[in-house]
């Protein structure tokens, strides 16, 4: 994976895991329904349940499956705001800024980026007041942030997750 900060390129070294077709089918099924039992997966793809268990455990051990979690609809859970915030940082402080942002519970997705901003993040807030407090109080305390640009989603048409095959 390439991460670019201004004109300096950092390459994140991660061992690639080879996935065969059975692994990919198991991953697709778990992405559709993370609560699907090993016996149901076994029945659908016609392999022994013990094989499914071994393969899923291997996918977890190798980091292909980061964790099992519920995908929450924030609107149904009382959150009205999903915002994308682009952050411009002092070049020497990008890593410090991103480490500090990662500690904030409001931040759902966070990464160093190319393009218009050094860092992008997705933030969920209960309302505009909570978002404003987050920006003016929490972000303002982080040394190294030069500026921010916030965009608020007015609707969501698709909730997703990483599809890598």
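The values are calculated or read from the model by the stated rules, or taken from the named source; none is laboratory data. Keep in mind it's a predicted model, so treat the numbers as computed, not measured. All Cβ positions, even for glycine, are placed from backbone atoms using ideal geometry, and neighbour counts span all protein chains on display.
So, of the residues in region 105-120 that are touching a helix residue (DSSP H, G or I) at 6+ places or on another chain (Cβ under 6 Å) and within 22 Å of residue 159 (Cβ to Cβ), which turns out to be surrounded by the most Cβ atoms within 10 Å (Cβ to Cβ)? Step by step, filter region 105-120, then rank; the result is 106.
Listed here are the strands (runs of 3 or more DSSP E) enclosed by region 66-165 that have at least 1 residues being free of Cβ contacts under 8 Å to residues at least 60 places away in the same chain and within 18 Å of the chain's Cα centre (by Cα): 107-112, 119-125. Look at (1) in contact with a strand residue (DSSP E or B) (Cβ under 7 Å, 6 or more places away or on another chain); (2) surrounded by fewer than 16 Cβ atoms within 10 Å (Cβ to Cβ); (3) under 27 Å from residue 27 (Cα atoms) and you find that residue 158 fails only one, number (1). Quick one: which residue in 81, 25 is more than 30 Å from residue 135 (Cβ to Cβ), surrounded by 15 or more Cβ atoms within 10 Å (Cβ to Cβ), modelled with pLDDT of 90 or more and in contact with a helix residue (DSSP H, G or I) (Cβ under 7 Å, 6 or more places away or on another chain)? Answer to the check: 25.
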